[in-house]
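Engineer: The structure follows.
Computed from the coordinates by the stated procedures, all read-outs in this text should not be read as laboratory data. This one's a predicted model, so the numbers in the text were calculated from it and none came from an experiment. Cβ: placed from backbone, ideal geometry, glycine included. Neighbour counts: every protein chain shown.
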């Protein structure tokens with residue numbers, strides 16, 4: 001299957017914008033294919049404001065993210081593989097999503113979820129219900145007495 005990351009990025013971007021917040025992307029700037037202004041890279045990471053007022057032509061396809069923006073007054077084209085994006089979140093409240101590191105091993109089998117529990121037969125339900133009613137009938141309940 002294809003990666004769900006680009007779909008989630010697009011959906012979260014729209015959700016953040018619909019809530020009048022500022023979408024930020026946190027990226028691994030050291031990954032091959034990443035083109036970002038190096039003077040803003042800190043410890044191999046970069047955080048970018050990708051709101052419509054900050055970027056032009058934001059395009060998030062299934063392989064790459066790209067847009068144009070101004071950095072210190074100079075126009076620059078930013079390009080990054082989708083796998084370089086580590087998180088998308090709202091600047092105002094931090095709501096968003098951090099992505100797990102992609103291994104690139106799309107051929108590795110994914111463990112299926114555990115099977116559902118076997119269905120319970122009506123006879124088993126009646127037995128459990130009757131055991132509970134017998135137990136509750138034999139349990140003494142507290143009683144209130146009127147004292148004059």
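Engineer: How high is the FRET efficiency from residue 66 to residue 101, r the C-beta distance, R0 30 Å, rounded to 0.05?
Structural biologist: 0.85
Engineer: Tell me, in nm to one decimal, what length is gained between residue 92 and residue 18 on full extension, where the rule is 0.36 nm per residue of separation less the Cα-Cα distance?
Structural biologist: In short, 25.3 nm is gained.
Engineer: Same structure, new question: Run the quick spin-label model on residue 53 and residue 2: label points 7 Å from Cα toward the beta carbon, then report their separation in nm to one decimal.
Structural biologist: Label-label distance for residue 53 and residue 2, simple model: 3.3 nm.
Engineer: What length, rounded to one decimal in nm, is gained on full extension from residue 30 through to residue 146, with 0.36 nm per residue of separation minus their alpha-carbon distance?
Structural biologist: Between residue 30 and residue 146, full extension yields 33.8 nm more.
Engineer: I've got another one for you. Evaluate E = 1/(1 + (r/R0)^6) for residue 40 and residue 11, where r is the Cβ-Cβ distance and R0 equals 22 Å; express this FRET efficiency to the nearest 0.05.
Structural biologist: For R0 = 22 Å, the calculated efficiency reads 0.25.
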